[in-house]
Amino acid sequence: MTATLLDGQALADKVKEEVAAQVKALEITPGLGTILVGDDPASHSYVGAKIRDCEEVGIASIHEQLPVN
């Protein structure tokens, strides 16, 4: 079996380009809503990455931060 080396960043960039083109062709702007409860740093990082990804491809994002209680 031969191993195949994948360039993850190049693949991600290609997928984002394709998604951006599809989003642009839509008659409406799709959106992603996130709700983050508490202050877990890993969760903040994950949600932040999703928000940045949305901005890159033209998807609207709405985020709500709630206290842990």
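The values are calculated or read from the model by the stated rules, or taken from the named source; none is laboratory data. Just so it is clear, the structure is predicted and the values come from calculations on it, not from any experiment. Here the Cβ is made from the backbone with ideal geometry for all residues, glycine too, and neighbour counts use every protein chain on show. Remember, those area values only see protein heavy atoms, side chains included, never the ligands or the DNA or RNA. Shrake-Rupley method; radii C 1.70, N 1.55, O 1.52, S 1.80 Å.
Worth pointing out:
- Members of the stretch 32-63 found to be assigned to a strand (DSSP E or B) and exposed (fewer than 11 other Cβ atoms within 10 Å of the Cβ), listed by number: GLY33, ILE35
- Residue pairs whose Cβ atoms lie under 8 Å apart, sitting 6 or more positions apart in sequence or on different chains, and linking a residue in the stretch 42-69 that is farther than 16 Å from VAL23 by Cα to a partner that is in a helix (DSSP H, G or I) and hydrophobic (A, V, I, L, M, F, W, C), are HIS63/VAL47; HIS63/ILE51.
- Candidate set from the stretch 1-31 (those that are outside any helix (DSSP H, G or I) and β-branched (Val, Ile, Thr)); member that is nearest to GLN65 (Cα to Cα): THR29
- Matching residues, the stretch 8-20, being small (Gly, Ala, Ser) and either open to solvent by 60 Å² or more (accessible area, probe 1.4 Å) or within 14 Å of the chain's Cα centre (by Cα) (or both): ALA12, ALA20
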